[in-house]
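The values are calculated or read from the model by the stated rules, or taken from the named source; none is laboratory data. Nothing here was measured: the structure is a model prediction, and the numbers come from that model. Neighbour counts are summed over all protein chains in view; Cβ atoms, including those assigned to glycine, are modelled from backbone coordinates with ideal geometry. For the accessible areas, the whole protein counts, side chains as well, though only heavy atoms, and no ligand, DNA or RNA atoms are used. Shrake-Rupley method; radii C 1.70, N 1.55, O 1.52, S 1.80 Å.
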Amino acid sequence: MRNTSFLFNKNFDYIKNNLLLNKKNKDMEISNAIKYIDNYKKNIFKDDLSFFNDIDLENFDLLEDYISEKIDFKSILPFDISKNSNVILCLNNNYYIYKGFSSSIKINSINIFNPSVFKKLLKFEEENNYKCLNFFYILNNIFSNNGLYIYIPPNFILKEPIYILNFFSTTKNNSIVYPKKFFYSDDNSEVSIVDYYFNKSSNIANNINTIINLNTYSKMEYYYINNSLLSAFSSYSINVNQKKNSIFKSNVFSFAGIYNKNYVNIFMLGKKSESSFNGIKYLNSKMSDYSDFNVNHLADETVSTCYFRGLVTDFSKCTFKGSINIDSNVKHALGELKCNALVMSDSSSVTLLPKLNIKSYDVNCMHGATVGFVNEDIIKYMTTRGISREESIILFINLFLCFYIERNNFFYKIVRSILIKTFFI
Amino acid sequence: MEKLLHISDLTVYIGNKRILNNFNLNIDYGETHVIMGPNGTGKSTLAKILAGDIKGLTISGKIFFEGFDIMLLKPEELALKGVFLAFQHPVVIPGLTNIQFFRSFINSKRKYENLDPVDIIEFTIEVKELMKKLKLKDEFLYRSVNDGFSGGEKKKNEVLQMLLLKPKFTILDEIDSGLDIDSLKLIAENIISLFDKNNSRLIITHYNRILDYMDVDYVHILNNGSIVKTGRKDLIIEIEKMGYENIK
Amino acid sequence: MSDNKIIENIVNKEYTAGFESKVESDFFPSGINEDIIRLISNIKNEPDFLLNFRLNAYKKWITMKEPSWGNVNYNKINYNDIIYYSSPKVKKNVSSLEDVDPEILKTYEKLGIPLQEQKRLSGVAVDAVFDSVSVITTFKDDLLKYGIIFCSFTEAVSKYPDLIKKYIGKVVPYSDNYFSALNSSVFSDGSFCYIPKDVVCPVDLSTYFRINASRVGQFERTLIIADKNSSVTYLEGCTAPIRDENQLHAAVVEIVAHDNAKVKYSTVQNWYPGNKDGIGGIYNFVTKRGICLGKYSKIVWNQVEVGSAITWKYPSIILKGDNSIGEFYSISVTNNYQQADTGTKMIHVGKNTSSVIISKSISAGHSKSTYRGMVLVLSKAKNIKNYTKCDSLLFGNNSSTYTFPIIRAMNSSSNIEHEAVTSKISEDQLFYCLQRGLDEESSVCIIVNGFCKQVISELPMEFLMEAQRLLDLSLEGAIG
């Protein structure tokens, strides 16, 4: 049993020192980071302490810049990439635009520390009043040394999705990496982005921060797929600022990580913006997954939906915390939050905390939550049609998890293929 | 003698969109008027305004009900003076039973007329008698208002309330939509049973099915925000033959 | 210092100060310490086990910190300013109804409370003509014929100490929370009820029948025990607004239901909520818990909470016995600057247990209403069912509502369903009622009554009519 308070204080000091030494950090970040660190010391963010007590930040090296082994990524990928696909490869947080990327696309992917990009990042945080900040976000701000910036120019419509394939691998004992993604959709643009993560080593702690800005009338579909077999620790945050009439659709499928933390914060800053979130979790063995979803209605006539479906089996644990927050003086806001969980073994557990924080009366919000086992009626029906009980359960699970994905959507095929692989392992 | 309803130069905007344009109409006591017209021409807006729902509308012109300026009255005041609107899409009020609802508004009317509230048992008997006329089962009384009702049941509920309130002026907004023939006949019979020389009705309809069962005094065609033609019942045949656009 | 010495000192003080002998409570010193607790126990003639219970609770209390996680804001309570012993005599010297706040009298009239009752509730000295004591005594004697014990807690301690010893603190241990520890050390009085095996209590028991029920204690302690196959309905509180100089009320209610027993506990609470600007008002911090100890037992909590400046309570049920059932029905109305943080905890321990939670909250004015619920299913609680519906209705643009449910399931055979809707009264519903000739206030009343129907219909007959009138009354001024 490690001396947890020792690691606790050691990590704080390490961060504080690094914070001040890292000259890239602006004053605001420093003061925010220090405020957050102090709050952690006061145990205000108790949930994240287990990370703090299991990891000795000083003993974690930053991940090396290269991948020493050859990864046949084409065989790993659960979807097809053709020669003409728009692909960005990320190898240990270094980004390469694939040869097949069409040159007629006006997309910029540059080093994230370009000053104009940095300015946009600071503005992003200012616009949502720094409410996107949390411990992992700040860690990422302090230690991130590289990232991907995609800018979609105004009126630009991209029909084919952009695939970002992220691979991580190391020979070292303990590594930590801080990928940062910044997607900026300008007015009237339309794009879909697939963010695929594959972590090959269990010695890599991954702290990902994805920041998305949608300008007026823009549309984005964002898919996050975590298909690592095992990973030491993974934290990813998705933070979205939505301006007037923008539409954000996200599908998140997380399928890995012994210890996984996810933060999704959506800020609907502009009138008539819409957001929809679909989270799917499949946990087995000793996985532990914690999700914190917050949608903030800060303008009139905003609409949000959030659907979360999780399945736990073996010894896994799943926690889903979701909140719909409606500011006072917001008119005609509609919100819906549904979380459904299937518990498949008596040693696994699930905790659901759907919240409503409503400060305006002109709203119509609802949330629902269910916990159960497979629906016996449906299983019995399938068995009477000649399908074995095992197969029926598998079909049911597939139906349950993919409930909110449109059948003709490519994402559906991806999820299905990953699920099939798991069931037959 | 005052007309029951006098509308002059009514122009209505929703935002920038003009819905009614210099609309004029007079309805006398004892008369049955019909307004027909293609969808989206302002028929439902007219019905709403006559019942006192003017939210979000910019209105100019005058509407007088029995000499009273409607714009100066609250919806409940209009209702107590005898205006009744049978809604096209009656709303659901969960948890409130029909009998509770009926008793509430009947007592409100009686208070206005300086009468004592109804006796519960007598009132329930009266309502059940009326329900028989509409072929509604007793259990209907104890369901929540319009909760889980079929389209036909919702319309019957509107007519039942009409029979209870015996209004001076009834506005029927698409009462015939979604009804089967038997229900339609039943509803028409019950509406007719209230006809007398002291009350009037305005029937707003898209199709004319209900008019097969009753006599009407005037038929108006509403198009582009105002009445383009007024006639008698034979105007309906003309509409059927030529369609709304070709009426001159 | 021995108890006699303490009394001597106080009595001497009295003489040196020159006070004339009046009501006991005028002399009791404020503040809390071991000596005062011993004094309280001594004045009440309590057996040693109870004194020890109090002292242990006090020792625990001083190590605890006042909880701050509630979604409520209030001025710091000075625990040394409170007088922890209340005499059974009349506190206020009100000689006639003319001395009572006319606002309160108006409310009594609106609620249809008879004059005699009004006097009793305002603390007016009871007329010699109206002898309530004999009425109450005959009633209790009738109950005793069935073996049903229903008396004040103090009386139960002296007449049935074994029962008290067996059950006190077993459902709500003094260490449970800050306020239960405080209550366990200084509790004044309350109700005790025991229903023996196979007996169905023929009447609904209510606090009215306790002697001096109108003198609501600050730290009430209630214990209800339903033995095998028995059943009882208990009514707490009344619809009349009770004003009390004491701001903090921290009561504890414990319920134990054995095999096949059924207990229904209904509360209608209309304590002084403070004025329109949020000044004053009672802080109602209650710990209520029931345990379904036996198989097939059932406990139902019903509450209509309309008063108090701050309501902070979670009537909970531990479903230990297999096949037991727990139900929670609640309406909470907050207006002006009231705050409510209420809800329930259903803890499933036994197999095949089921729970139902229906919570309706209405917030108007500048008020804040929070629902906090927990459904916890332990690993060995196989095959359980839960249904929760918590809805909120908002009036005006300054009120806010929060819903914080926690659902935790640790096995694969639970079936849990939770639904919550927050909205305002729809314009369409309102217009429908207006068009039928109902004015705005009446329309809102009937729509709100429909909203609360599921909960109101679970209340016992005695409370049903009063609760509906109370609901309408409390919404006055909420519209607009």
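Using the Karplus relation 6.51 cos²θ - 1.76 cosθ + 1.60 with θ = phi - 60°, the per-residue 3J(HN,Hα) values for the range B:55-69 come to 5, x, 10, 9, 10, 10, x, 10, 10, 10, 10, 6, x, 8, 6 Hz, with x marking Gly and Pro. Listed by chain and number, the aspartates and glutamates placed with their C-alpha closer than 17 angstrom to that of B:Lys241 are B:Asp212; residues fewer than eight positions away on the same chain are left out. A straight line joining the Cα centroids of the range B:85-111 and the range A:399-424 runs 49 Å. Secondary-structure-derived ellipticity at 222 nm for chain B, considering helices only, amounts to -10000 deg cm²/dmol, per-run term -39500 (n - 2.57) for DSSP H runs with n ≥ 4. Ignoring aspartates and glutamates fewer than eight residues from C:Lys389 along the same chain, the ones with Cα atoms less than 19 angstrom from its Cα are A:Glu336, B:Asp147, C:Glu305, C:Glu327, C:Asp341, C:Glu417, C:Glu419, C:Glu458.
Here's how it looks for C:Lys424: its modeled amide H is under 5 Å from those of A:Val363, C:Leu394, which are all 5 or more places away or on a different chain.
Taking every alpha-carbon pair under 8 Å whose residues sit at least 6 apart, the range C:265-417 reaches a relative contact order of 19 percent.
About its Cα centre, the dipole of the range A:240-379 is roughly 480 debye, where the only charges are +1 on Lys and Arg Cβ and -1 on Asp and Glu Cβ. Over all orientations, the range A:210-333 has a Cα convex hull whose mean projected area works out to 6.8 square nanometres. Work from the charge dipole of the range B:1-105 (Cβ charges, +1 for Lys and Arg, -1 for Asp and Glu, about the Cα centre) and give the residue of B:Gly82, B:Ile19, B:Leu46 farthest towards its positive end. After comparing all options, I get B:Ile19. Report the paramagnetic label zone for B:Lys111: residues of the range C:420-443 whose backbone N is under 11 Å from a point 7 Å from Cα along the Cα-to-Cβ axis. Under cut-off, by backbone N: C:438-443. Accessible surface of B:His89, taken over heavy atoms with a 1.4 Å probe and every protein chain present, rounds to 150 Å². If you take the Cα centroid of the range B:6-65 and the Cα centroid of the range A:196-263, the two points sit 54 Å apart.
Taking every C-alpha pair closer than 8 Å and separated by at least 6 residues, the mean separation divided by the residue count of chain B gives a relative contact order of 28 percent. Near the amide H of A:Thr319, within less than 5 Å, lie the amide hydrogens of A:Asp289, A:Tyr290, A:Ser291, A:Thr351, all on another chain or at least 5 residues away, with H placed in the peptide plane.
Summing both sides, how much accessible area is buried between C and B? Use a 1.4 Å probe and give Å² to the nearest 100.
Details: alone 22050 and 12640 Å², together 32690 Å².
The C and B chains share an interface burying roughly 2000 Å².
Annotation note: trypsin sites (Lys or Arg not before Pro) in the range B:6-62 located in DSSP loop regions with a Cβ neighbour count of at most 15 within 10 Å are B:Lys55.
Relative contact order, whole percent, for the range B:116-248 stands at 18, derived from Cα pairs under 8 Å and 6 or more residues apart. Taken along the Cα-to-beta-carbon direction at a fixed 7 Å, the label points for B:Tyr207 and B:Lys166 span 3.4 nm. A cut-off of 5 Å between modelled amide H atoms, ignoring neighbours fewer than 5 places along the same chain, links A:Ser235 with A:Asn206, A:Asn207, A:Ile208, A:Lys261.
Label reach from B:Asn22 (point 7 Å along Cα→C-beta): in the range B:62-86, amide nitrogens under 18 Å belong to B:62-63. Express the carbon and sulfur contribution to the solvent-accessible surface of the range A:297-405 as a percent, rounded to the nearest whole number, probe 1.4 angstrom. Carbon and sulfur atoms account for 53 percent of the accessible area of the range A:297-405. Summarising the label geometry, the points placed 7 Å from Cα in the beta-carbon direction at B:Ile125 and A:Ile81 lie 8.4 nm from one another. With a threshold of 27 Å on the Cα-Cα distance, the over-threshold entries among C:Lys65/C:Lys385; B:Lys81/B:Lys197; A:Lys180/A:Lys200 are C:Lys65/C:Lys385. Backbone geometry of the range C:256-271 corresponds, through the Karplus equation with coefficients 6.51, -1.76 and 1.60 at θ = phi - 60°, to 3J(HN,Hα) couplings of 10, 10, 8, 3, 6, 8, 10, 10, 10, 10, 10, 10, 10, 10, 9, 5 Hz, x marking Gly and Pro.
Between A:Ile157 and C:Arg469, what FRET efficiency comes out of the Förster formula 1/(1 + (r/R0)^6) with R0 = 45 Å and r the beta carbon distance, rounded to 0.05? All intermediate terms of the calculation are to be shown ahead of the outcome.
On the way: r = 62 Å, r/R0 = 1.38.
E(calc), rounded to 0.05, equals 0.15.
Legend: calculated FRET efficiency, C:Asn78 to C:Ile43, from the Cβ-Cβ distance at R0 = 25 Å, rounded to 0.05, equals 0.60.
How big is D, in µm² s⁻¹, for the range B:1-145 by Stokes-Einstein at 20 °C and 1.002 mPa s if Rh is the Kirkwood radius over C-alpha pairs? In µm²/s, the coefficient is 121. For the segment A:342-348, counting C-beta atoms of other chains within 10 Å of every residue's C-beta and taking the mean gives 4.
By how many nm would the segment from B:Asp180 to B:Ile237 lengthen if fully extended, with 0.36 nm per residue of separation less the alpha-carbon distance?
Details: separation 57, 0.36 × 57 = 20.52 nm, distance 2.18 nm.
My answer for the length gained is 18.3 nm.
Residue-wise HN-Hα couplings along the range A:233-244, as the Karplus relation 6.51 cos²θ - 1.76 cosθ + 1.60 with θ = phi - 60° gives them from phi, are 8, 9, 10, 10, 10, 10, 10, 10, 9, 10, 8, 3 Hz; Gly and Pro carry x. Number of Lys-Lys pairs in the range A:297-425 with C-alpha atoms under 12 Å apart and a separation of 8 or more places or on different chains: 4. What's the center-to-center distance, using Cα atoms, between the range A:289-313 and the range C:142-164 in Å? The distance from the Cα centre of the range A:289-313 to that of the range C:142-164 comes to 54 Å. Interface of C with A. Using a 1.4 Å probe and counting protein heavy atoms only, the two chains hide about 2600 Å² of accessible surface, both sides summed.
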